[in-house]
1. Pull out the extension gain between residue 443 and residue 90, defined as 0.36 nm times the separation in residues minus the alpha carbon to alpha carbon distance; nm, one decimal.
2. Using bins 5 angstrom wide from zero, how does P(r) for the range 93-167 break down, in % of all Cα pairs?
3. Full extension from residue 182 to residue 342: what is 0.36 nm times the residue separation minus their Cα-Cα distance, to one decimal in nm?
4. Rounded to a whole number, what is D in µm²/s for the range 183-245 from Stokes-Einstein with the Kirkwood radius over alpha-carbon pairs (10 °C, 1.306 mPa s)?
5. Taking the beta-carbon count within 10 Å as an exposure proxy, list 384, 295 from fewest neighbours to most.
6. Per the Kirkwood definition applied to all pairs of different Cα atoms, how many angstroms is the hydrodynamic radius of the range 130-219?
7. Arranged by the count of other C-beta atoms within 10 angstrom, fewest first, what order do 270, 391 take?
8. For the range 287-326 and the range 129-208, what is the separation of their C-alpha centers, rounded to whole Å?
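Bear in mind that the values in this text are calculations on the coordinates, not laboratory data. Every value quoted in this text rests on a predicted model; they were computed, and no experiment measured them. Here the Cβ positions follow ideal geometry from the backbone for every residue, glycine too, while neighbour counts run over all protein chains shown.
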């Protein structure tokens, strides 16, 4: 992936200036990197045209250590000297994890590795292979597992699944409180056509009925709902992933509609958005702030380790569609901007990475950002995809800072008003608890009591019907949902076969 256009916001800790001395005597990564067959004729081809002769097990493991020594933000803390790749008995992907998330657990929670094909599907083609729904725990009902949203283009939608259903059983195994890893993999990481028999309750305590769904490969889109709340000039936007290329044009079209409708206030729902491309987040930031407030300002300053300090990058607010994500037909088309001085953002522990950069960037240019929901996950760091010998490596490379130099705390950004997810209402329904709390805060300037929030919203705004009644698009199964207390949630970046990260 190219730098700048395809940078992925990442994870949380400190810089690379820890107490440990950097490893010495490690050869340059170029000495071990894999080559494509065209550059090594007669060497034999692996998947993706990698030369088998340059991708031996020993070369791959040495490349992992050398690349991390050069690029990893926490290279001083990683056990690069104590774990010898030449005697390491496991795979290159496991060695990468032993150097990163297992080797520096106090700082690195989120470095990961996929096959190149899997990474390209998620980040370039925007496809997913799964049943097409996402799960969350319902803290208000004893932590039972419920469907948070269903991708309208995925197989679960066609099979009759809907937001709010309780996941009672999967293939005869009770799953209302715990979803075993094997069943999670079957739902979210199995081959297309894999069928599951799922028992659901339409509401907690209701009768269990059976639905059958088979996983499928489908194109994903991140924009779930965009609408103007009835009787107001307040826009509502539910956006689930900055990692999906089509999101660029979806946001452009949504803000055209907002501008045409005269929207003067905005609620951005990022409760399920665990990050993705900084560039797309910078586009959303521009559409909120506009030219006058963002011109010449830094959206995210990317600070690398001391070996790469000269390569630090300032990403500015982006005011037009680009060619980075395959949207060349509309490249250069300017975004409609709302020029807002304040915005509300719905957040949770799954609000991570580029979503946090969006919040921080707006605060960095003195826009009033009120958070409603829960504390964000705390991921001020990021990475870019680095391919080698059929694998795609994502090791933390930089720390992000806003225009004022502020960094997202690793403990997360606290909510202005606390509120929990309300699975009994559709996303975008003014009576939904988190949205209702945001509306109440906007109206009064203070946080409404949880019991009063939905009631006040219902009185002030007409209720909406089904989620599909408005501009509704298909959310991608979120590749950045990495919360430790939600290990069953759709997480293709963690749950890919052979490369499962430690719990």
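1. Taking 0.36 nm per residue and subtracting the Cα distance, the gain is 121.3 nm.
2. Answer for the range 93-167: a P(r) of 3, 14, 14, 12, 14, 17, 15, 9, 2 percent.
3. Working: separation 160, 0.36 × 160 = 57.60 nm, distance 4.45 nm.
The residue 182-residue 342 span can extend by a further 53.1 nm.
4. Details: Rh = 15.2 Å.
Estimated via Stokes-Einstein, D reaches 104 µm²/s.
5. 295, 384
6. Taking every pair of different Cα atoms in the range 130-219, averaging 1/r and inverting gives 12.8 Å.
7. 391, 270
8. Their Cα centres are 38 Å away from one another.
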